[in-house]
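Written below as structure tokens is the structure these notes are about.
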Amino acid sequence: MSTTLLLSIALVSVILLLLLVIKAKVHPFIALLVASLFVAITTGIPAENIMKVILGGMGSLLGSIAAIIVLGAILGAIIETSGGADRLANRFAQLCGPQRMVAALTTVAFILGLPVFFDVGFIIVVPLIYGFTKVMRVSPLKFGLPMAGMMLMVHVTVPTHPGPAAAAGLLNVDPGWLMMTGIALSIPTGIAGYFVAKALNLRKYHLSVQVLEQLQLTEPNAGGQSARHHDAPGALLISGLIVLPILLIMLGTLLPPHLTPGSLPLKILTLVASPAVALLITLALAGWLLGLRRGWTAEKLETLSNNAISTAAGVILVSGAGGAFGKVLVESGVGKALATSLQTIHLPLIPAAFILSLALRASQGSATVAIVTTCGLLSTAVAGLGEMQLVLVALSACFGALGLSHVNDSGFWVVTRYLGLSVADGLRSWTVLTTLMGLCGFALTWLVWVMI
């Protein structure tokens, strides 16, 4: 089959996917399966192999990310319910003082965003936003806009979240290197996003009546901390629990070259530094330190876990179906055709990954689907690249998925609803912020690519 025909089929499959999700309101899981079947049938994959390819792609991806998603969701639920997020934010505010409170809470958002999904994490910090807003008599956008931007950036770049975790699996990237590089590039990108949000806040936005009423009902005590969390765990404990799995994963990447091959320390490190085991260890500590030791019952922990798993189920299914779609694209030869075309037009991989991901993000709304689909399309084109080059390609796709959050993105509605923005003001503020942050992250990624 010709390269042109293969690429045409791929284009039609993406359009079909978008039409099903946007127009027909079909769940992305089903839409991705339909698009996978379309590609498999039209590209001539033997009928007896179609479901083997689809299920194989789904299973291989879910095998690497399902446990991470579930454990991360449960950990986030425990931190939220314990009141630790409130205590951490207030501690940062006390250390930094009123003049640096926005920067302090934005830093808290970065830390909280590492283990917690964006939507959940932002909802966690909404009481903090309302409390500090009322104390300082400012618009909730002053705190909310940079905090939301920071949390979304971490959500799409650090492989404790489904999109970058799936990218690592699809491109055979070491999760530790992706995590360290993602965090390293996210810090300057987040700083840039903070100043962009500060500039956007210079204009006046009309807040919804519901948010204005909510601000009147919010009664923070000293420091903005709600009374129901007066016995919340300390900020140092929460920080330690958030940093622990990241530290373990990083050690698993950095230390093995310095240990004796086959030695017991290396075997132990290899086990505890795997993302799922690192999160499992952290979750066990969180369940004891934040829950059972403070009087929670086992039934309460079970209920929190069940609710978190239910929330994560949709993300897991969509990620798995995205893996199936990517696998079909590879098996059909579309990946090779795309690689050939990129070589023909001499479009470098870094901008190709960013542009593809940004276009998919703008078209169908889901950052995870955009990352998974882009990495699936590029999985053949990146064959033969070195470890760090693969990491940068993955991050370019991740930063592409950061931009152009608008009305087809559930996160857009979460942010605008809680901050009291109209759709038009949301497009002028939130959409602009995410896009500029995505461009900044892409520029840094491309700069590192050129340097190495």
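Some points to look at:
- Reduced Cα scattering model of region 20-74, Debye log10 I(q)/I(0), q = 0.17 Å⁻¹: -0.70
- Share of pairwise Cα separations in region 3-451, more than 40 Å, in percent: 18 percent
- Mean Cβ count within 10 Å, highest first, over the residues of peptides 66-76, 136-146: 66-76, 136-146
- For K25 and K52, a Förster radius of 35 Å and the Cβ-Cβ distance give a FRET efficiency of 0.70, rounded to the nearest 0.05.
- Distance from the C-alpha centroid of region 124-190 to that of region 355-389: 19 Å, rounded to the whole angstrom.
- Where only DSSP H runs of four or more residues are counted, the chain gives -24500 deg cm²/dmol as its mean residue ellipticity at 222 nm, each run worth -39500 (n - 2.57).
- Placing +1 on the Cβ of every Lys and Arg and -1 on the Cβ of every Asp and Glu, with no other charges, gives the chain a dipole of roughly 740 debye about its Cα centre.
- Sites N307 and A284, calculated FRET efficiency, Cβ-Cβ separation with R0 25 Å, nearest 0.05: 0.85
- Using the Cβ-Cβ distance between L347 and L7 with R0 set to 22 Å, the FRET efficiency from 1/(1 + (r/R0)^6) comes to roughly 0.95.
- Counting only alpha carbon atoms, the long axis of helix 28-42 and the longest principal axis of the chain meet at about 10°.
- Pairs of alpha carbons in region 346-407 whose separation is greater than 20 Å (percent): 19 percent
- Legend: residue pairs K52/K327; K134/K204; K23/K327, Cα-Cα distance threshold 19 Å; pairs beyond threshold, K23/K327.
- Angle between the chain longest axis and helix 432-451 axis [Cα atoms, degrees, rounded to 10]: 60 degrees
Computed from the coordinates by the stated procedures, all read-outs in this text should not be read as laboratory data. Only a predicted model underlies this, so the values are computations on that prediction, with no experimental measurement involved. A quick note on method: Cβ atoms are made from the backbone with ideal geometry, for glycine too, and the neighbour counts reach across all protein chains shown.
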